[in-house]
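The values are calculated or read from the model by the stated rules, or taken from the named source; none is laboratory data. Because the structure is predicted, anything quoted here is derived from the model rather than measured. Counting neighbours? That spans all protein chains shown, and the Cβs are built from the backbone with ideal geometry, glycine included.
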Amino acid sequence: MAELHPLMPSTDGTAVSVTVQPQDAPEPVPITDQEVGEYREQDRHLPIANVARIMKASVPSSAKIAKDAKETVQECVSEFISFITSEAAERCQLEKRKTIGGEDILHAMIALGFDNYAETLKIHLAKLRQGGPSNIAQRDQQQPAPLQPRLDDESQLSPDTPIAETMDFPNFQ
């Protein structure tokens, strides 16, 4: 690197040339696989309470969800988010941008084969942009109505009946 020679005032009022060596900023060191492994599991996943709340809203109030089911969904959802985000980040990097936007997420979902979800998210993104920041504040203050499963007949439920047998799931293809 070149040396800098700024003019500095001396004690007698004349200018003096001073040699200044630029300080090399240390290069950021990427994290290693070992460091990634050292992160606590709870730092890599969505909070289990949030996952459980969403799961509970999707099943009848009499249904129970096992701890291992919550943990499995927690891992799957966290992995899905990482998968989509990684693809979106790759697009941003190619376009020399530092911020992942909603369009990047939509593009990533389509690129990874989640077209059906991307179409629904396009609608939500448009509504979000239409409402602006004040809409977000209003949404956060309101409690969303819990999701109600469509049951053929709630009397069919017994402790031994699997929930999936009594629910009418939409056909995702």
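Numbers for the structure displayed
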read-out	value
Candidate set: the range 54-65, residues that are polar (S, T, N, Q) and more than 23 Å from the chain's Cα centre (by Cα); chosen: the one farthest from Ile100 (Cα to Cα)	Ser62
Counted residues, the range 47-66 - those being closer than 18 Å to Ser78 by Cα and of a type in the set (S, T, N, Q)	1
Filtered residues of the range 24-65 (kept if out of contact with any His (no Cβ under 9 Å at 6 or more places or on another chain), modelled with pLDDT of 90 or more and in a helix (DSSP H, G or I))	Ile48, Ala49, Asn50, Ala52, Arg53, Ile54, Met55, Lys56, Ala57
Hey, Thr85 part of a helix (DSSP H, G or I), surrounded by 14 or more Cβ atoms within 10 Å (Cβ to Cβ) and either out of contact with any helix residue (DSSP H, G or I) (no Cβ under 9 Å at 6 or more places or on another chain) or without any contact (Cβ under 8 Å) to a residue 60 or more places away in the chain (or both) or not	yes
Test: Asp68 is part of a helix (DSSP H, G or I), more than 16 Å from the chain's Cα centre (by Cα) and exposed (fewer than 14 other Cβ atoms within 10 Å of the Cβ)	yes
Filter pass, Val73 being closer than 22 Å to Val51 by Cβ, in contact with a helix residue (DSSP H, G or I) (Cβ under 6 Å, 6 or more places away or on another chain) and either modelled with pLDDT of 95 or more or of a type in the set (A, V, I, L, M) (or both)	yes
Any chance Ala108 is assigned to a helix (DSSP H, G or I), free of Cβ contacts under 8 Å to residues at least 24 places away in the same chain and small (Gly, Ala, Ser)	no
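Residues checked against (1) surrounded by 12 or more Cβ atoms within 10 Å (Cβ to Cβ); (2) farther than 22 Å from Leu46 by Cβ; (3) not polar (S, T, N, Q):
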position: Ser61; (1), (2), (3): no, yes, no
position: Lys64; (1), (2), (3): no, no, yes
position: Glu75; (1), (2), (3): yes, no, yes
position: Phe80; (1), (2), (3): yes, no, yes
position: His107; (1), (2), (3): yes, yes, yes
position: Gly113; (1), (2), (3): no, yes, yes
